[in-house]
Amino acid sequence: MSTTVVLLSDTNPAGVIADASAPLINIEDQGLTRGDGVFETMLAVNRSVRKIDAHLTRLAGSARLLELPMPSEKQWQDAIATALKEAEVGARTPLGEEHTVKLIISRGTVEEGPHSWVTVAPSSAKVLSQREEGVKAMLLPRGHDPAEDSAYPWLLAGAKTLSYAVNMSVLRYVKSRGADDAIWVTDERRILEGATSSVIVAKTVNGVKTLYTPEPSHGILPGTTQGTIFNGARENGWELGFGPLYPQDLLEADGVWLASSVRLLAPVTHLNGTKIAVDADTTYELLGYLANN
Ligand code: PLP
């Protein structure tokens, strides 16, 4: 599997195609040495990026928090178009041809400053298989309530930074214990988010279909997938709720999903080893709200 790289450039509006196997990052790049940068991961179906506006809006917010320069929307759009045109054949799925598209802004070196690039690669088969097979999730402590971070701008609450070592570490931890994914909780066991996803819960109460997610502005990453699904659900008669959610709410739900841009919706089949309800009809309905976005 090869990755296509397009570097954003002030002199070349369409971006510059680069050789992904060549050394493109300076060894002193602070995106590399400190995780000092921001990114977005997006899904392209049939070489068209899904919900690009929501991703560019979130990227702009992340860049603002880190005081990084945000290239213009046109620069991103043109570089993405160049990369998607150049990319090798993607993964074939019922949706069409799928690629994973990443946008990155790195602090760069002290001498040269920030720089940005786009990568496109076929989506991983393992990630795509979770749409069908679902995930076994473990509830694990976040260590503190990220809502507390919101008061302190230097803690970068809600920014999608390159510092994902903790997110990757928790995935290794759950895998070593036979699970697929983690759902973080606060010390009082309030549900936060997945390692790389938002949590969505469906429950019918007194005949009223309700979708819940933990309050997105409370220190967790506001998910573009969750946001798009909730917009569609609202238009289709669902009640919406924004937590607080606790483990019991997930155990008693009609369905629980991990939502993220490339995976879309992965039904949670087990929580801490306990089998929970899987709602295939609702999965299908919620996926429909993502279809044209
Ligand atoms: N929360 C975290 C920590 C994530 O890393 C991600 C995606 O990578 C999400 C939520 C879901 O965001 P989106 O739906 O915009 O992909």
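Before we move on, is Val201 open to solvent by less than 10 Å² (accessible area, probe 1.4 Å) and not charged (D, E, K, R)? I'd like the intermediate steps shown before the answer.
On the way: open to solvent by less than 10 Å² (accessible area, probe 1.4 Å): yes; not charged (D, E, K, R): yes.
Yes: the conditions hold for Val201.
For Thr283, only one of the following conditions fails: (1) open to solvent by less than 20 Å² (accessible area, probe 1.4 Å); (2) within 11 Å of the ligand (Cβ to nearest atom); (3) among the β-branched types (Val, Ile, Thr). What is its number?
(2)
Among all residue pairs at least 6 apart or on different chains, which show Cβ distances below 7 Å where the first residue, located in region 184-195, is at pLDDT 95 or above and the second is of a type in the set (Gly, Ala, Ser) and buried (at least 22 other Cβ atoms within 10 Å of the Cβ)?
Gly194/Ala182; Ala195/Ala182
When residues of region 23-53 are filtered for being in a helix (DSSP H, G or I), aliphatic (A, V, I, L, M) and open to solvent by 40 Å² or more (accessible area, probe 1.4 Å), how many remain?
Here is the first cut: in region 23-53, the residues in a helix (DSSP H, G or I) are 30-34, 52-53.
Remaining after also requiring aliphatic (A, V, I, L, M): 32, 52.
Right, trim to open to solvent by 40 Å² or more (accessible area, probe 1.4 Å) and you get 32.
Number of matching residues: 1.
Each row is one residue, and each column tells you yes or no for (1) within 15 Å of the ligand (Cβ to nearest atom); (2) under 17 Å from Leu139 (Cβ atoms).
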residue	(1), (2)
Ala253	no, yes
Leu258	yes, yes
Ser261	yes, no
Ala266	yes, yes
His270	no, yes
Gly273	no, yes
Ala277	no, yes
Leu287	yes, no
Asn292	no, no
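Find all pairs meeting these conditions: Cβ atoms under 7 angstrom apart; at least six residues apart or on different chains; first residue within region 221-250 and open to solvent by 60 Å² or more (accessible area, probe 1.4 Å); second residue part of a helix (DSSP H, G or I) and within 16 Å of the ligand (Cβ to nearest atom).
none
In region 157-171, which residues are at pLDDT below 95 and either over 29 Å from Lys136 (Cβ atoms) or within 11 Å of the ligand (Cβ to nearest atom) (or both)? Step through it out loud before you land on a result.
Residues of region 157-171 at pLDDT below 95: 157-158.
Selection gives Gly158 alone.
Looking only at region 175-194, which residues are within 16 Å of the ligand (Cβ to nearest atom), hydrophobic (A, V, I, L, M, F, W, C) and either surrounded by 22 or more Cβ atoms within 10 Å (Cβ to Cβ) or more than 19 Å from Pro146 (Cα to Cα) (or both)? Talk me through it step by step, then tell me what you get.
Taking region 175-194 as the starting set, the residues that turn out to be within 16 Å of the ligand (Cβ to nearest atom) are 180-186, 190-194.
Now drop any that are not hydrophobic (A, V, I, L, M, F, W, C), which leaves 182-185, 191-192.
Matches in region 175-194: Ala182, Ile183, Trp184, Ile191, Leu192.
Of the residues Ala20, Ala81, only one is among the aliphatic types (A, V, I, L, M), part of a helix (DSSP H, G or I), open to solvent by 30 Å² or more (accessible area, probe 1.4 Å) and more than 29 Å from Ser150 (Cα to Cα); which? Give the derivation first.
Working: Ala20 fails: part of a helix (DSSP H, G or I).
That would be Ala81, the only listed residue that is among the aliphatic types (A, V, I, L, M), part of a helix (DSSP H, G or I), open to solvent by 30 Å² or more (accessible area, probe 1.4 Å) and more than 29 Å from Ser150 (Cα to Cα).
Quick check: is even one residue across region 10-18 in contact with a Pro (Cβ under 7 Å, 6 or more places away or on another chain), more than 26 Å from Asn293 (Cβ to Cβ) and at pLDDT below 95?
The answer is no; no qualifying residue exists.
Is it fair to say Trp154 is under 30 Å from Asn46 (Cβ atoms) and either under 19 Å from the mean Cα position of the chain (by Cα) or among the aromatic types (Phe, Trp, Tyr) (or both)? Let's see the steps before the verdict.
Working: under 30 Å from Asn46 (Cβ atoms): no; either under 19 Å from the mean Cα position of the chain (by Cα) or among the aromatic types (Phe, Trp, Tyr) (or both): yes.
In short, no.
Filter region 39-65 down to the residues that are more than 16 Å from the ligand (Cβ to nearest atom) and either among the acidic types (Asp, Glu) or touching a strand residue (DSSP E or B) at 6+ places or on another chain (Cβ under 6 Å) (or both) and list them by number.
Just the residues of region 39-65 that are more than 16 Å from the ligand (Cβ to nearest atom), to begin with: 46-48, 64.
Of everything in region 39-65, just one residue is more than 16 Å from the ligand (Cβ to nearest atom) and either among the acidic types (Asp, Glu) or touching a strand residue (DSSP E or B) at 6+ places or on another chain (Cβ under 6 Å) (or both), namely Asn46.
Scan region 201-219 for residues that are within 15 Å of the ligand (Cβ to nearest atom), at pLDDT 95 or above and over 13 Å from Asp279 (Cα atoms) and report the count.
Residues meeting the conditions: 2.
The values are calculated or read from the model by the stated rules, or taken from the named source; none is laboratory data. Not measured: the values here are computed from a predicted model. Because the Cβ atoms are built from the backbone with ideal geometry, glycine has one as well, and the counts that use them run over all protein chains shown. Keep in mind that these areas ignore ligands, DNA and RNA; they rest on the heavy atoms of the full protein, side chains included. Shrake-Rupley method; radii C 1.70, N 1.55, O 1.52, S 1.80 Å.
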